[in-house]
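Structure, as C-alpha cells:
The values are calculated or read from the model by the stated rules, or taken from the named source; none is laboratory data. Given the structure is predicted, the values throughout are model-derived calculations rather than measurements. A quick note on method: Cβ atoms are made from the backbone with ideal geometry, for glycine too, and the neighbour counts reach across all protein chains shown. Please note that ligands, DNA and RNA were not included when accessible areas were found on the heavy atoms of the full protein model with its side chains. Shrake-Rupley method; radii C 1.70, N 1.55, O 1.52, S 1.80 Å.
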Amino acid sequence: MSDRKKQIKKRRPSNIGQIIALVFFIIIVVGSALLCLPFASRSGASCGIRTALFTATSATCVTGLALADTWTQWSGFGQAVILSLIEIGGLGFMSFASSVIFLLRKKVSMSERLAIAFTVGADDMNDAVRVQKKMLFFSLGAELIGAVLLTLRFMSEFSLLKSIELGVFHSVSAFCNAGFDILGFKQAGSSIMLYGTDSVVVFTLSFLIVFGGIGFLVWDEIFRLRSPKKWSVYTKLVMITTAVLLVLCAVLICLAEWNNPLTLGGMSVPDKLKAGFFQSATARTAGFAGIDQGGLTDAGKAITMFFMIIGGSSGSTAGGLKTVTFIVLVLFLWAKLRGKKNVHIFYRTIPESQILNALTVFGIMVFLAFFGGVFICATSPVSFTDGLYEAISAIATVGLTTGITTSLSVSAQLLMIVYMYFGRVGILTISLGFLQGKKSASSIKYADTNLLIG
C-alpha cells in the first residue's frame with residue numbers, strides 16, 4: 001500500500017507551475033466538450049472538435065482568435081460557456097477558486113495562499129488572500145460599471161434585454177482582455193469596427209482594457225497608499241510604462257495610417273484620433289478590432305506587432321512579454337550603451353538575475369513568433385507578414401487578426417492552439433521556474449572563457 005502511495009505521489013505535479021498548466025488544460029477540455037454539444041451551436045448541429053477546442057482555448061487563454069463569428073456560430077448557451085471561460089481564464093483559475101473559498105468562508109491553506117500569490121502577482125503569501133478579496137470586488141465592480149455604460153449606449157439602438165446582453169458580454173470580455181464580441185448579428189466578423197469611432201464604446205472598452213491589463217496588485221497598492229511617493233518601484237514602472245506605451249502606440253498608428261483609405265484615411269480628425277487611441281489600447285492585449293487589421297499598412301502592422309509582443313502587466317488579465325519586463329530590457333540596453341555595469345531605476349538596482357530572466361522570456365517569445373510566422377506562411381496561403389501577425393497575436397494572447405484565421409491549414413490552427421495555451425500558461429510556468437530555480441543551482445563551476453561578441 002505504501003509503495004502504491006509513493007507511485008501516486010510521483011505522478012502528481014511536482015510544483016505549482018505544473019498544477020496551473022494542468023488545471024488550465026482541464027478547463028479547456030471541459031469547455032471544448034460543452035461547445036461540442038449540438039445545442040451550443042446556433043444551427044443545432046455540433047461544430048466539431050477542432051472548432052470547439054480552438055474556441056475554448058482562445059476563451060480560456062483570453063485571446064480572442066476564432067474560427068467562427070461568436071454570434072453567428074454559437075447559441076445563447078454557447079456564448080454563456082465562452083463568457084464563463086473568459087471570466088475564469090481572465091481572473092485566473094486559482095483566483096477564481098480562492099474567490100469561491102472566500103465566499104464560502106473557508107480557511108485558505110498555506111499552499112493555496114502560495115498559488116494565489118503567484119497568480120495575482122503578490123510577493124507575500126500572507127498578503128495574497130487579502131489582495132484576492134479586493135481583486136474579486138474590484139473586478140466585478142469594474143465589469144459592472146462597464147456593463148452599465150455600454151448598456152446605456154446600446155439602448156439607443158436595441159431593446160433593454162438586448163442592450164444588457166451586449167453590455168455585460170463586452171464589458172467582461174474587455175476587462176479580461178479577451179476580445180470576443182457578439183456583434184455579428186449586425187455584420188459577421190466586424191468585431192468593434194462598427195463602433196470604432198463611437199466615443200462611449202471606444203473609451204469604455206479602453207478603460208476596461210487598461211484597468212484589466214495593469215494588474216490587481218498595482219491597483220491594490222495605489223488604492224492603499226494613494227500618494228505616488230509611497231508606491232513601490234514596480235508600481236511606478238507599471239504606471240509610467242503603461243501611459244507611455246498608450247500614447248506612443250497611438251501616435252505611431254496615426255502617423256502610419258493617417259491617409260490610409262482602408263483604415264483611418266476616410267475619417268474626420270477627431271475620429272482618427274479616437275480610432276488610433278483604441279488601436280493602441282487594444283493592440284497590447286485585448287484583441288478588439290476598431291479598424292480593419294488586414295487593411296493596415298506594413299508600417300501599421302509592424303507597429304502593432306511590436307506592441308502586441310510587449311503586452312500588459314504581470315498579475316493581470318493581459319498576456320505578452322509584460323510591461324516591466326520590457327522596460328527592464330530597455331534600461332539594461334541603455335545602461336550598456338553608456339558603459340554602466342549596473343542597471344538603476346528610482347535609486348534602486350535591478351538584480352542581474354532578473355535581467356537575465358527578462359532576456360530569457362524575450363528570447364523565447366521572439367523565437368516562437370518567428371517560427372510561427374514561417375510555419376504559417378509555409379503551410380497556409382498567406383504572406384509571411386500576416387502569418388507573423390497571427391503568430392504574435394496568439395502567443396501574446398492578443399487576438400487581433402488580419403482575417404486569415406479561418407484560412408489557416410489544420411496544422412497551423414493546431415499550432416495557434418498551442419501558442420495561445422503557452423502564451424497564457426507557459427510564460428507563467430517559466431516565471432515560476434525562475435523563482436524556484438534558486439534552490440537548484442548547479443554545484444559544478446567550470447573555468448571562464450572569453451568569446452568575441454559583436
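Please tell me if residue 171 is modelled with pLDDT of 95 or more and small (Gly, Ala, Ser).
So residue 171 fits the description; yes.
Being open to solvent by 30 Å² or more (accessible area, probe 1.4 Å) and of a type in the set (A, V, I, L, M) is the filter here; which residues of segment 70-87 pass it?
80, 83
List every residue pair whose Cβ atoms lie under 8 Å apart, where the two residues are 6 or more positions apart in sequence or sit on different chains, the first residue falls within segment 213-229 and is without any contact (Cβ under 8 Å) to a residue 40 or more places away in the chain and closer than 23 Å to residue 284 by Cβ, and the second residue, located anywhere, is buried (at least 19 other Cβ atoms within 10 Å of the Cβ) and among the aromatic types (Phe, Trp, Tyr).
Once the first residue is without any contact (Cβ under 8 Å) to a residue 40 or more places away in the chain and closer than 23 Å to residue 284 by Cβ and sits in segment 213-229, its partners that are buried (at least 19 other Cβ atoms within 10 Å of the Cβ) and among the aromatic types (Phe, Trp, Tyr) give 221/231; 222/231.
Listed here are the residues, each with its yes/no results for (1) surrounded by 15 or more Cβ atoms within 10 Å (Cβ to Cβ); (2) touching a helix residue (DSSP H, G or I) at 6+ places or on another chain (Cβ under 6 Å); (3) over 30 Å from residue 184 (Cα atoms); (4) among the basic types (Lys, Arg).
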{"residue": "226", "(1), (2), (3), (4)": "no, no, yes, yes"}
{"residue": "232", "(1), (2), (3), (4)": "yes, no, yes, no"}
{"residue": "244", "(1), (2), (3), (4)": "no, no, yes, no"}
{"residue": "250", "(1), (2), (3), (4)": "yes, yes, no, no"}
{"residue": "269", "(1), (2), (3), (4)": "no, no, no, no"}
{"residue": "274", "(1), (2), (3), (4)": "yes, yes, no, yes"}
{"residue": "279", "(1), (2), (3), (4)": "yes, yes, no, no"}
{"residue": "291", "(1), (2), (3), (4)": "yes, yes, no, no"}
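Output the residues belonging to segment 29-69 that are open to solvent by 10 Å² or more (accessible area, probe 1.4 Å), in a helix (DSSP H, G or I) and over 16 Å from residue 408 (Cα atoms). Steps first, please.
Start the filter on segment 29-69 by keeping residues that are open to solvent by 10 Å² or more (accessible area, probe 1.4 Å), which leaves 29-30, 33-34, 36-39, 42-51, 53, 64, 66-69.
From what is left, the residues that are in a helix (DSSP H, G or I) are 29-30, 33-34, 36, 38-39, 49-51, 53.
Of everything in segment 29-69, those that are open to solvent by 10 Å² or more (accessible area, probe 1.4 Å), in a helix (DSSP H, G or I) and over 16 Å from residue 408 (Cα atoms) turn out to be 29, 30, 33, 34, 36, 38, 39, 49.
Here is a yes/no grid of residues against (1) assigned to a helix (DSSP H, G or I); (2) touching a Lys or Arg at 6+ places or on another chain (Cβ under 7 Å); (3) of a type in the set (D, E, K, R):
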position	(1), (2), (3)
246	yes, no, no
254	yes, yes, no
262	no, no, no
265	no, no, no
273	yes, no, no
282	yes, no, no
289	no, no, no
294	yes, no, no
312	no, yes, no
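Since residue 191 meets every condition but one in (1) in contact with an Asp or Glu (Cβ under 8 Å, 6 or more places away or on another chain); (2) open to solvent by less than 10 Å² (accessible area, probe 1.4 Å); (3) at positive phi, which condition does it not meet?
(2)
Suppose the filter is farther than 24 Å from residue 85 by Cα and at pLDDT 95 or above; does residue 223 pass it?
No; evaluated as a whole, the condition is false for this residue.
For segment 325-365, give me the residue count where each residue is assigned to a helix (DSSP H, G or I), aliphatic (A, V, I, L, M) and surrounded by 14 or more Cβ atoms within 10 Å (Cβ to Cβ).
The total comes to 11.
In this structure, does residue 391 turn out to be among the hydrophobic types (A, V, I, L, M, F, W, C), closer than 19 Å to residue 55 by Cβ and at pLDDT below 95?
no
List pairs: first in segment 133-160 and at pLDDT 95 or above and among the aliphatic types (A, V, I, L, M), second open to solvent by 40 Å² or more (accessible area, probe 1.4 Å) and assigned to a helix (DSSP H, G or I), Cβ under 6 Å, 6+ apart or cross-chain?
147/168
For segment 303-324, which residues satisfy the criterion of being of a type in the set (Ser, Thr, Tyr) and open to solvent by less than 20 Å² (accessible area, probe 1.4 Å)?
304, 313, 316, 317, 323
Please work out which one of (1) at pLDDT 95 or above; (2) open to solvent by less than 20 Å² (accessible area, probe 1.4 Å) is the condition residue 379 fails and give its number.
(2)
Go through segment 132-177 and count every residue that is outside any helix (DSSP H, G or I) and either under 26 Å from residue 65 (Cα atoms) or acidic (Asp, Glu) (or both).
3
Given the criteria within 30 Å of residue 189 (Cβ to Cβ), at pLDDT 95 or above and touching a Ser or Thr at 6+ places or on another chain (Cβ under 8 Å), does residue 35 qualify?
Criteria met by residue 35.
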